[in-house]
């Protein structure tokens, strides 16, 4: 397994590049926010864009994202589910508007996140899938907030296509095995890092994570790994050790 193949199929990042924990512990103190993305892109090659779950960015903003990120960088926007119909009191945003705005990302548009945490009924969930099905066939989707192996997963594959959708999997450093986390054309993991994560704990966990990534990449699958924490320190620690393991 060559490092170059892993780099092309592993996308590592966080849930955005402007969080307070990043401003405090990641970016240089004197750095202006307009340079955040360029700095972030030197350390990660993907990012979720949670802000799109509430409103669409200006075209000039998306142009800024595109121009200030590396060529192989991917943005994973959240589809604004409530604004797209489930909440009739909110400002309406059409699928055409969403597609038109995201088109500005060109080849840097990654999987679109369908966050179902606040979508409770089966009827509403099906509406979300039908909504996603109206988006371009080139789109890929991540269903967050649902357990793998559920009836809804099969419904999603039926409506959207098995190679277009995957279920997000929640992981912690306490996981001993990654059961049922590698189905589909690509996988999408949220790795939640606790405050107690240190070098010793990471050194035991990272090799297991790295071996699983290598196996998936060898099967020509894409791996999206989103690191989450309240502070940047554990994220930086795991990122550093994982990159070193994969490059050795």
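The values are calculated or read from the model by the stated rules, or taken from the named source; none is laboratory data. What you see is a predicted model; the values in this text were computed from it and never measured. Here the Cβ is made from the backbone with ideal geometry for all residues, glycine too, and neighbour counts use every protein chain on show.
Within segment 208-231, being modelled with pLDDT of 95 or more and either over 17 Å from the mean Cα position of the chain (by Cα) or outside any strand (DSSP E or B) (or both) holds for no residue. Going through (1) modelled with pLDDT of 90 or more; (2) touching a strand residue (DSSP E or B) at 6+ places or on another chain (Cβ under 8 Å); (3) on the phi > 0 side of the Ramachandran plot one by one, residue 142 falls short only on (3). Taken over segment 149-168, the residue count meeting the criterion of being surrounded by 21 or more Cβ atoms within 10 Å (Cβ to Cβ) and part of a helix (DSSP H, G or I) is 2.
Could you list, in sequence order, all residues of segment 163-193 that are modelled with pLDDT of 85 or more and more than 15 Å from the chain's Cα centre (by Cα)? Once the filter is applied, which keeps residues that are modelled with pLDDT of 85 or more and more than 15 Å from the chain's Cα centre (by Cα), segment 163-193 yields 163, 172, 193.
The one condition from (1) assigned to a helix (DSSP H, G or I); (2) crowded, with 20+ Cβ neighbours inside 10 Å; (3) at pLDDT 90 or above that residue 205 does not meet is (3). Going by the structure shown, is residue 12 in contact with a helix residue (DSSP H, G or I) (Cβ under 9 Å, 6 or more places away or on another chain), assigned to a strand (DSSP E or B), touching a residue at least 60 places away in the same chain (Cβ under 8 Å) and surrounded by 13 or more Cβ atoms within 10 Å (Cβ to Cβ)? Yes; evaluated as a whole, the condition is true for this residue.
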